[in-house]
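Values in this text are rule-based calculations from the coordinates and carry no lab data. These numbers were taken from a predicted model, which means no experiment stands behind them. Cβ atoms come from the backbone with ideal geometry, glycine included; neighbour counts cover every protein chain shown.
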Amino acid sequence: MQLIITLFFTIFISDVQSDEKIYFGRAHNYSTVYSYGVTEIYISSDSTMTRFDYKLPNKREWKKYKKYKSEKKINIISKKGKYYSLIDPISRVENEMHCLKITENKVIYYYKAEDGSLLKGYTFNRQK
């Protein structure tokens, strides 16, 4: 019986992981300490977005970014019109300054300007 339960959870967990979409971006970040950054975004079918930001000393290191420590940020995404809003999973407060546009191949960050309009930010391309 325990074998059947273990097998069921293994199949369930592997099925859930296959629905995850991965987006990737890299660029100069103009920091005083780190000059290059790599970001991975994982979007799960349960509307959870996990973002990993890697700070690298220079552009040459980007292919080895996994050996650097990442900053992890988790948000819940919620559709509002043609954009997605970011919601903090603990406080359930919506981020009013940023929103996303998610397509099959890209995630595009938008930032709110002082006049309330949206400015296009960084674009992340789909990896898997």
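Structure above, values below:
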quantity	calculated
Helix 2-18 axis, angle to the chain major axis (alpha carbon atoms, nearest 10°)	30 degrees
Test item: Cα-centred dipole of the chain, Lys/Arg +1 and Asp/Glu -1 on Cβ, debye	640 debye
Enclosed volume per residue, in Å³, of the convex hull spanned by Cα atoms of region 29-116	142 Å³
Above-threshold pairs, the threshold being 19 Å between Cα atoms, out of LYS82/LYS106; LYS21/LYS69; LYS67/LYS128	LYS21/LYS69; LYS67/LYS128
Value of relative contact order over region 20-126, rounded to a whole percent, pairs C-alpha under 8 Å and six or more apart	19 percent
Cβ-derived FRET efficiency at R0 25 Å, THR48 paired with TYR111, nearest 0.05	0.70
